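The values are calculated or read from the model by the stated rules, or taken from the named source; none is laboratory data. What you see is a predicted model, and the numbers here were worked out from it, not measured in a lab. In this analysis, Cβ positions are derived from the backbone assuming ideal geometry, glycine residues included, and neighbour counts consider all displayed protein chains.
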Ligand SMILES: [Zn+2]
């Protein structure tokens, strides 16, 4: 899909190396043994097109200019309002995940993308399937409010368990192809082209309208 023109395709990738992630020995898509360094340099997309699942810690440096991300509200914590105990105490589950280095299912903050300031939020599927919690909702809402009041773009990397498939939803309901063909998303882009595409769209939407530039 020729959405990215030559000018925007010149946007540099985020800069520094992405964090390492746990990888299998062979690619689930093509079966070939993985070149870990090569894969990391390609935003964890195999040559066959297989996209490996990423957490917020990798998504943020994929989109943000190197060193520009300023995290906000990282200290907000969940409360066990329902004293949930199945399969074990909810607070125990959250504490274990926090101790593994994850910081809730959503992280948010400000950064620049190709020099333009934006608000950025990224889900982490590794934190209870990216489920919405009090913390996630609070971080999302606060970021959106700040973006709206300051007039900055808001970019959200969504990776949540979403709808319960046990309730008889159509096959492939949550796949990119299904959503694109049913008009639920406007565009599906390979991860390797995502950053220049976002920079291009931000440039388009931030361009002054011609009518506003005219003088009467
Ligand atoms: Zn592959």
Close pairs (7 angstrom Cβ cut-off, 6 or more residues apart or separate chains): within 18 Å of residue 63 (Cβ to Cβ) and free of Cβ contacts under 8 Å to residues at least 60 places away in the same chain in segment 25-52, assigned to a strand (DSSP E or B) and near the ligand (Cβ under 9 Å from one of its atoms) anywhere: none
Search segment 43-67 for residues being within 9 Å of the ligand (Cβ to nearest atom) and out of contact with any helix residue (DSSP H, G or I) (no Cβ under 9 Å at 6 or more places or on another chain), and hand back the single one that is farthest from residue 153 (Cα to Cα). 48
Out of 94, 106, which single residue is at pLDDT below 90 and surrounded by 13 or more Cβ atoms within 10 Å (Cβ to Cβ)? 94
Going through 89, 40, 72 one at a time, which residue ends up being away from the ligand (no atom under 16 Å from the Cβ), surrounded by 13 or more Cβ atoms within 10 Å (Cβ to Cβ) and modelled with pLDDT of 85 or more? 72
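Here is a yes/no grid of residues against (1) at pLDDT below 80; (2) exposed (fewer than 15 other Cβ atoms within 10 Å of the Cβ):
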site	(1), (2)
115	no, yes
119	no, no
123	no, no
135	no, no
139	no, no
153	no, no
163	yes, yes
180	no, yes
208	yes, yes
Quick check on my filter: what residues within segment 180-200 are in contact with a helix residue (DSSP H, G or I) (Cβ under 9 Å, 6 or more places away or on another chain) and in a helix (DSSP H, G or I)? 191, 193, 194, 195, 196, 197, 198, 199, 200
